[in-house]
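Working notes, structure below.
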């Protein structure tokens, strides 16, 4: 039964969530419906590289997602970012999805910097590798990403991100194309304890996807989160989770429920080394 179900889940997972290419990782973001464009932490490397410019020190993170309770659909990721004097921050990240007979890898090199007090921008060069069993072999392609994050007025954040700027592909066939995706979003701090985020995503080949999330600081260093993602009348995904930070270490977890595919658990661990005492989890 599992051998029959696995290919179907791989196809649905790829089509509905675009897992093999856009791979938006991070348990904090997942708990908020994956509306992570304005969030500024190590996983900005996956959502909006402009957010990396806000990091105040050397940061690293690890992430794991157990998609629908099947190890073959597991997602793993690691990321590292560091400041380079006054010239901004650089980052490295790696993501892996799948299992022995079919897997996808993404290698990313990013650079982000402040363009002023209220504007930051970031770029990333990726290399995608798809490994398929038997005669299908391996295929790879370079892809570019670019993002911007602004704070036009206090407590209001607006962001945009383009994935696959050059519309790169593995081949000319429709099934071999890499998605080109535009995301725009905003966030607002209603208070020091409440952050609201909302965003829209448009793949050139698929209907628009809308996401929203709320993060609430229950007590010092403890955050609760909920979110939802909806793609027209096709799919709806609900999520919730929490995060806790202590002396530079942050642990996040999230659970998501997809109406077609089931439940996913996600976990993240990150560490930020800051010379000066600065809050690790900020809003955004």
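Among 170, 107, 68, which one shows the biggest mean-square fluctuation in a GNM of the chain, springs joining Cα atoms closer than 10 Å?
Fluctuation is largest for 170.
By counting other Cβ atoms within 10 Å of each Cβ, how are 154, 221 ranked from fewest to most? Spell out each step's value before the answer.
Working: 154 7, 221 15.
Fewest-to-most Cβ neighbours within 10 Å comes out as 154, 221.
Rounded to two decimals, what ratio of Rg to Rh does the chain give with C-alpha atoms and a Kirkwood Rh?
So for the chain, dividing Rg by the Kirkwood Rh gives 0.95.
Shape call for region 50-198 from the C-alpha gyration tensor, a ≥ b ≥ c root eigenvalues: rounded (a/c under 1.5), prolate (a/b greater than b/c) or oblate? Please report the intermediate quantities before stating the final value.
On the way: a/c = 1.93, a/b = 1.77, b/c = 1.09.
The shape class here is prolate.
For a quick check, take a GNM of the chain with Cα springs below 10 Å and name the residue from 205, 215, 72 with the largest mean-square fluctuation.
Answer for the Gaussian network model of the chain: 205.
Is the C-alpha gyration tensor of region 180-283 telling us rounded, prolate or oblate? Criteria: a/c under 1.5 is rounded; beyond that, a/b larger than b/c is prolate, otherwise oblate. Spell out each step's value before the answer.
Details: a/c = 2.11, a/b = 1.78, b/c = 1.18.
Taking the square roots of the gyration eigenvalues as a ≥ b ≥ c, region 180-283 is prolate.
Can you give the helix-only mean residue ellipticity at 222 nm for the chain, where every DSSP H stretch with n ≥ 4 adds -39500 (n - 2.57) and the sum goes over all residues, rounded to the nearest 500 deg cm²/dmol? Please list the in-between numbers first.
Working: 3 runs with 25 residues, N = 284.
So the calculated ellipticity at 222 nm is -2500 deg cm²/dmol.
Hey, how much of the P(r) for region 122-258 falls beyond 21 Å, as a percent of Cα pairs? Intermediate values should be presented prior to the final figure.
Numbers: 5519 of 9316 pairs.
For region 122-258, the share of Cα pairs beyond 21 Å comes to 59 percent.
Determine the relative contact order of the chain: mean sequence separation of Cα pairs under 8 Å and six or more apart, normalised by residue count, in whole percent. Each step should come with its number before you reach the end.
Values: 794 pairs, mean separation 56.1, N = 284.
Value for the chain: 20 percent.
Readers should treat all values here as calculations from the given coordinates under stated rules, not as data from a laboratory. The structure displayed is predicted, hence computed values, not measured ones. With ideal geometry, Cβ positions are generated from the backbone for all residues, glycine too; neighbour counts draw on all protein chains shown.
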